[in-house]
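Engineer: First the structure, which I've put down as structure tokens, then a few questions once you've had a look.
Values in this text are rule-based calculations from the coordinates and carry no lab data. These figures come from a predicted structure and were not determined experimentally. Glycine gets a Cβ as well: all are built from the backbone with ideal geometry, and neighbour counts include every protein chain shown.
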Amino acid sequence: MSDLEQIAKNLANANKTKVRELVQLALDQGVPAKEILDEGLMKGMDIVGGMMEREEIMIPEVLDVARFMSQIIDEMLKPLLLEGDANPYGKVVFATVQGDVHDIGKNLVIMMLEGAGFQVVDLGIDVPPETIVDAIRENQPNMLGLSALLTTTMPMIKTTIDEVKESGLRDQIKIMIGGAPVDQQFADEVGADGYAPDASSATLLAKSLAD
Ligand code: B12
């Protein structure tokens with residue numbers, strides 16, 4: 001088993017000390033932070049997702065692993081993941097839609113956007129469409145980012161976009177959406193301006209939308 005697979009497996013088993021050791025070892029060996037994230041930590045969360053589906057793991061345990069993963073990203077990978085590009089590309093209002101509390105992916109995208117020079121207003125999780133509309137009015141961003149991780153909350157992306165349209169603010173902003181169940185076809189259907197499958201492509205997307 002490769003070192004990155006070891007990270008995935010140990011994260012899924014919540015062997016925190018081992019995960020720390022393995023991430024440090026990979027960094028010392030010169031493995032790029034993005035590879036550690038994609039092939040180690042994210043793969044570990046996929047294993048956890050499967051365990052959730054089969055009800056082999058309880059929600060508090062999933063939450064514990066999720067928090068730990070965020071901590072590792074923050075403490076050990078964040079400085080290396082950031083591009084350090086200081087150009088101000090503009091302001092993004094970002095939220096996980098109403099009914100959905102998943103925020104690891106959102107936070108990762110936000111971290112990369114900030115590193116690439118965007119100013120981000122993070123509205124958090126479970127955010128109702130009205131709050132998002134109010135935040136657009138108040139902050140005057142040039143972009144809105146919406147995240148949804150559940151098939152049951154995907155429709156809330158559409159509801160939110162519709163509410164933005166009704167408020168008359170749609171023309172002022174570009175809307176990008178993402179989250180594991182979301183794809184380009186869905187983005188087209190709901191009238192978003194763009195979709196990206198992960199945090200680094202989200203940054204490229206945001207840059208292209210900001211142009
Ligand atoms: C951690 C986790 C939780 C944690 C969340 C903690 C937190 N603070 O986020 C907790 C325990 C709270 C949780 C709860 C639930 N969860 Co959950 N969870 C997960 C898990 C294991 C990992 C998600 C994750 O963080 N992935 C890692 C991040 C980095 O990836 P990501 O979120 O996909 O984000 C990336 C991209 O999608 C993209 N992206 C994300 N957002 C955006 C936005 C934009 C604009 C762009 C461009 C890109 C983008 O970039 C990100 C970075 O690369 C997934 C399984 C999985 N592998 O996805 C299940 C999963 C999403 N959960 C699931 C379920 C069913 C639930 C619950 C309903 C369980 C329950 N019975 O209570 C609840 C729902 C609670 C709610 N109302 O939201 C299912 C969803 C099934 C479905 N198809 O709808 C999954 C797939 C597990 C499974 N296989 O059954 N969960």
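Engineer: Can you figure out the FRET efficiency of I59 with D171, using R₀ = 30 Å and their beta-carbon distance, to the nearest 0.05? Please list the in-between numbers first.
Structural biologist: Values: r = 41 Å, r/R0 = 1.37.
Here the calculated transfer efficiency is 0.15.
Engineer: Also: Using a 10 angstrom cutoff on alpha carbons, build the Gaussian network for the chain and name the most mobile of I157, I47, I136.
Structural biologist: Looking only at I157, I47, I136, the largest GNM fluctuation is found for I47.
Engineer: OK, next. If you line up the Cα atoms of the range 1-139 on their principal axes, what length do they span on each, largest first, in Å?
Structural biologist: Its Cα atoms span 51, 38, 17 Å along the three principal axes.
Engineer: Given Cβ point charges of +1 (Lys, Arg) and -1 (Asp, Glu) and nothing else, what value in debye, to the nearest 20, does the dipole of the chain about its Cα centre take?
Structural biologist: Roughly 260 debye for the chain.
Engineer: What is the sum of charges, Lys and Arg at +1 and Asp and Glu at -1, for the other residues whose Cβ falls under 15 Å from the Cβ of D126? It would help to have the intermediate numbers written out before the result.
Structural biologist: Values: positive: K106; negative: D100, D103, D122, E130.
Overall, the nearby charge balance is -3.
Engineer: Right, another one. Taking 0.36 nm per residue of separation and subtracting the Cα-Cα distance, what length does fully extending N13 through D74 add? Display every interim value, and only then the final one.
Structural biologist: On the way: separation 61, 0.36 × 61 = 21.96 nm, distance 2.02 nm.
Stretched out fully, the N13 to D74 stretch lengthens by 19.9 nm.
Engineer: Can you return the lysines within cross-link range of K18? Criterion is Cα-Cα under 24 Å, with same-chain partners fewer than 8 residues away left out.
Structural biologist: Within the straight-line limit of under 24 Å, K18 reaches these lysines: K9, K34, K43, K78.
Engineer: Provide M111, M52, M58 in ascending order of the number of other Cβ atoms located within 10 Å of each residue's Cβ, fewest first. Each step should come with its number before you reach the end.
Structural biologist: Values: M111 20, M52 14, M58 11.
Going from least to most buried by this count: M58, M52, M111.
Engineer: At 7 Å along Cα-to-Cβ for each site, give me the label-to-label distance between T131 and D28 in nm.
Structural biologist: Output for this residue pair reads 4.3 nm.
Engineer: While we're on this one: Rank A95, Q184, I136 by how far each Cα sits towards the positive end of the charge dipole of the range 95-211 (+1 on Lys, Arg Cβ; -1 on Asp, Glu Cβ) and give me just the farthest.
Structural biologist: Value: Q184.
Engineer: Is the range 90-211 rounded, prolate or oblate when judged by the Cα gyration tensor, a ≥ b ≥ c being the square roots of its eigenvalues, rounded requiring a/c under 1.5 and prolate requiring a/b larger than b/c?
Structural biologist: Details: a/c = 1.26, a/b = 1.05, b/c = 1.20.
Note, shape of the range 90-211 comes out rounded.
Engineer: Return a whole-number percent for the relative contact order of the chain, with Cα pairs under 8 Å and 6 or more residues apart as the contact set. The partial results should precede the final answer.
Structural biologist: On the way: 325 pairs, mean separation 33.8, N = 211.
Relative contact order of the chain: 16 percent.
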